[in-house]
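Okay, so here's the structure we're looking at.
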Amino acid sequence: RPLPAVEAAAAAATAAEDEVLAGALSDDVGGALRDLAPELRQVLQAMVLDGLTVRETAVLLGVPEGTVKTRVRRARIAMREALS
């Protein structure tokens, strides 16, 4: 069982991430992200927010790498249109 201090630190880090993400999602970018299809949002979150590679994102989502590349391109186009 983890030490209480370790649990507290992990909880604080999670809460901080949630706070930052909530702040990011409250502006125009957040609105555009919320309007994306779920599969496009998942790819952007994994690659942009979580910093995963195409290969890591493909494994995480259980789709081929080519699908990840297509979805991230579609997501970026949709985001660009929504923000212009």
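Readers should treat all values here as calculations from the given coordinates under stated rules, not as data from a laboratory. The structure displayed is predicted, hence computed values, not measured ones.
What to note about this one:
- Annotation: extensible slack from R34 through D50 equals 4.1 nm (criterion: 0.36 nm per residue apart, minus Cα-Cα distance).
- With bins 5 Å wide beginning at 0, the percent of Cα pairs of the range 25-67 falling in each bin runs 5, 24, 29, 21, 11, 8, 1.
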